[in-house]
Amino acid sequence: MLVLDNVHVYYGHIHALKGINLRVDVGEIVALIGSNGAGKTTTLLTISGLLRPRQGRITFDGHAIDHLPPHQIVRMGIAHCPEGRQIFTRLSVMENLRLAAIHRHDVPGVQRDLERVFALFPILAQRRRQIAGTLSGGEQQMLAIGRALMSRPRLLLLDEPSLGLAPLVVEHIFRVIASLRAEGMTILLVEQNAYQALQLADRAYVLETGQVALQGTARALAENPAVKAAYLGG
Amino acid sequence: MLTPTYLAQQLVNALNLGSLYALVAIGLTMVYGILRLINFAHGDMMTLGAYLALGIIALLALPVELALVLPMLLVAGVGLLVERLAYRPLRGAPEVAMLITSLAISSLIQNGATMTLTAQPRPVRLPSQLAQRIAIGELSLAVMDLVIVALALALMVALGVFVKRTTIGIAMRACSENLRAAQLMGVDVNRVIAIAFAISAGLAGVAGVLWSGKFGLVDPFMGFVPGLKAFVAAVIGGIGSIPGAVLGGYLLGFAEVLFVAFAPPGLSGYRDAFVFALLLIVLLVRPAGLLGQREVNRA
């Protein structure tokens, strides 16, 4: 479904991604793990079109997307739930959700997706008129995921959905991710919490300094001594 | 001297000036909110509007209503064009590049108008229905004064509804909070920015028409000082905030008129100095302006 072929990205002179090769197939959850600065977020931003590869190719369903502007990539069916949530704090919950469906003209479809988001996160329905900046951290993360779903993506990019959240909320978020997969959503998940990511994912890539250091099924990686030592706390 | 009539007259003047500053400040604040661009060419959109109105009335002899609507639409078109040709190619360049470009556009308009139309100020002869005066008790109001306030208020209400209710309005607010996240949500930011420029320029254009009607003159540099004052108004209100621009505009209008009305006669020439002093005081107390939000990190 999504293929990154030898993708190189630079920030000015800094060579951030050094030839990433990566594949996500329909219906999979693929995890990207690795330490800070390994290039996980950069990889997602490049897929979404906010960063441009200087070299290499990104294809989605066989179409090259590495030169499309971000809003067209969203229209093709890739939604990005960014790191640090980045919800619009001055807009209401409802406005955040409506905005993410801005390009869709099928009103009944948008309404159905809205109800689906409210079913996944009932608290958002209660707070629909509230200004998003006044939500708790967990509620903001739910809004961020809900907002990404409003474009009805086929591929969901999730960047650190558990960051800075209480364990109970993290559990809820991961349950939602699992239920999205059960509905057939394909997910590329970036996580610091490697243990949780590997439990949920089918396959995973370990990034180190802008390169894929290891890859394989999540189960195999979870058993890999090097991964255990570096990311799973021995 | 301090009769109720005099006071009422001054209040009318203040409402007039405040309405005009507010119209111009809104456009500055909208564009700044999204692009972090201080658009120095914004005041010159007033100049364009004023010349267009003059031409429409004098040369084409069209009705007065069209002299308001057509310049607004045409200047909005100029705003679109400038954004497309001058600012869009600089997207992603350091913000100072756009700032300098806006200075260039400003001098292009000022000097272009000087070369083609001469620097000679042209008198505006108000059509009779606008020049009429209405007496309310001892107070005598020009119809023009009422038109300025009513039209400004109507435009501001319309803009408020647009920004609050429509999807493009929501997108505009989202873009001004976090441009990158808006892109990730599928917002076509080029479209939003183009619309913001068009509205911004259109409002300045109509403000220019009203300004020239009120003060009776059009010249190539007429937009410069009101543009600067509108910038002060936007900063006082909290740059990036539309309600802030409206508040700042009226505050500035009132402060300026009341200063001139009540300061000792020798000091009224210092009105501009007074305006800037006011800005300093507001910024010392509230660095983000009255309704401004602290800048979020846009890394």
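The values are calculated or read from the model by the stated rules, or taken from the named source; none is laboratory data. Treat the numbers as computed from the prediction; the structure is a model and nothing was measured. Every residue, glycine among them, receives a Cβ derived from its backbone with ideal geometry; neighbour counts consider all protein chains shown. Note: accessible area is taken over every heavy atom of the protein model, side chains too, but ligands, DNA and RNA are not part of it. Shrake-Rupley method; radii C 1.70, N 1.55, O 1.52, S 1.80 Å.
A few points about this structure:
- Equivalent ellipsoid semi-axes, region B:1-103, via Cα gyration tensor eigenvalues times 5, rooted, Å: 32, 22, 9
- Once you divide the Cα radius of gyration of region A:65-163 by 2.2 N^0.38 Å, the number left is 1.02.
- Counting only Cα atoms, the size of region B:18-221 along its three principal axes is 57, 40, 27 Å, in decreasing order.
- Other protein chain C-beta atoms within 10 Å of residue C-beta, averaged over B:174-182: 6.
- Accessible area per residue in Å² at 1.4 Å probe, computed on region A:156-234: 45
- Among B:131-142, B:47-58, sorting by the average number of other beta carbon atoms lying within 10 angstrom of each residue, highest first, gives B:47-58, B:131-142.
- Taken over region B:157-248, the convex hull of the Cα atoms encloses 106 Å³ per residue.
- Once C-alpha pairs closer than 8 Å and six or more residues apart are averaged by separation and normalised to the residue number of region B:18-221, the relative contact order reads 45 percent.
- At q = 0.11 Å⁻¹ the log10 of I(q)/I(0) for the protein assembly as shown amounts to -0.96, computed by Debye summation with a single uniform scatterer per C-alpha, solvent ignored.
- GNM top mover of A:Ile102, A:Ile14, A:Ile58 - chain A, alpha-carbon springs below 10 Å: A:Ile14
- Coordinate range along principal axes, alpha carbons of region A:47-86, Å, largest first: 28, 21, 13
- Computed over region A:1-126: relative contact order in percent, which uses C-alpha pairs under 8 Å that are six or more apart: 21
- Calculated accessible area for region B:18-221 comes out at 41 Å² per residue, all protein chains present (probe 1.4 Å; ligands, DNA, RNA ignored).
- Magnitude of the charge dipole, chain B, Cβ model with Lys/Arg +1 and Asp/Glu -1, debye to 20: 540
- Per residue, the Cα convex hull of chain A amounts to 119 Å³.
- Contact residues in region B:146-170 (at least 10 Å² less accessible area with all protein chains than alone, 1.4 Å probe): B:Lys164, B:Arg165, B:Thr167, B:Ile170.
- Between B and A, accessible area buried - total, square angstrom, nearest 100, 1.4 angstrom probe: 2200
- Equivalent ellipsoid semi-axes - Cα gyration tensor, region B:66-151, angstrom: 37, 17, 13
- For region A:138-231, the fraction of alpha-carbon pairs lying more than 22 Å apart is 31 percent, rounded to a whole number.
- Using a cutoff of 8 angstrom between alpha carbon atoms and counting only pairs six or more residues apart, the relative contact order for region A:95-234 works out to 17 percent.
- Net lengthening on full extension, B:Ile168/B:Gln132 (0.36 nm per residue, minus Cα-Cα): 8.9 nm
- C-alpha long axis of helix B:95-117 to longest principal axis of chain B, angle in °: 40
- For region A:49-120, projected area of the alpha-carbon convex hull averaged over all directions, nm²: 6.3
- Carbon + sulfur, % of accessible area of chain A - ligands and nucleic acids excluded, 1.4 Å: 52
- Heavy-atom accessible surface of region B:18-221: percent carbon and sulfur, 1.4 Å: 70
- Between region A:1-66 and region B:62-113, the C-alpha centres lie 38 angstrom from each other.
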